[in-house]
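First up is the structure itself, then whatever we jot down about it.
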């Protein structure tokens, strides 16, 4: 499940990040008559997907760069929402976050190479 969710985060980021004149790849696809490309998730993935994007929405940034979601942020989020988060869930959320940050770095490197 962890690998599938990490790949889903990478796919989501790739298709929903502005690249071409401020458009996302999904917007480009739709403008050419194609459908929106979203990651395929199993029903069992939905809870973790929702949890990750709750945390992602409150992510800290430094100089415009997203920071890793910290254990402190996960703990505060869990307490605030009374979510039943076990240690293996925290590991999964951190892996998803690492995949997200790696996807950002990949896009930044591609942009630099194309300048």
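The values are calculated or read from the model by the stated rules, or taken from the named source; none is laboratory data. Just so we're clear, the structure is a prediction, and the values are computed from it rather than from any experiment. We place every Cβ from the backbone using ideal geometry, glycine too, and count neighbours over all the protein chains shown.
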Is it the case, given these coordinates, that residue 13 is surrounded by 10 or more Cβ atoms within 10 Å (Cβ to Cβ), in a helix (DSSP H, G or I) and at pLDDT 95 or above? no
Just to be sure, is residue 7 free of Cβ contacts under 8 Å to residues at least 12 places away in the same chain and either at negative phi or buried (at least 16 other Cβ atoms within 10 Å of the Cβ) (or both)? no
Meets criteria (within 19 Å of residue 12 (Cβ to Cβ), touching a strand residue (DSSP E or B) at 6+ places or on another chain (Cβ under 7 Å) and either surrounded by 13 or more Cβ atoms within 10 Å (Cβ to Cβ) or modelled with pLDDT under 95 (or both)) for residue 111: no
Against the definition (surrounded by 14 or more Cβ atoms within 10 Å (Cβ to Cβ) and more than 30 Å from residue 113 (Cβ to Cβ)), how does residue 75 come out, yes or no? no
Residue by residue through the stretch 57-92, note down the ones that are assigned to a loop (DSSP other than H, G, I, E, B) and without any contact (Cβ under 8 Å) to a residue 24 or more places away in the chain. 58, 59, 60, 63, 64, 67, 70, 82, 84, 86
Selection over the stretch 29-72 where residues are over 19 Å from residue 102 (Cα atoms), modelled with pLDDT under 90 and loosely packed, with under 12 Cβ neighbours inside 10 Å yields a count of 1
Within the stretch 18-27, can one find any residue that is in contact with a helix residue (DSSP H, G or I) (Cβ under 9 Å, 6 or more places away or on another chain), touching a residue at least 24 places away in the same chain (Cβ under 8 Å) and part of a helix (DSSP H, G or I)? no
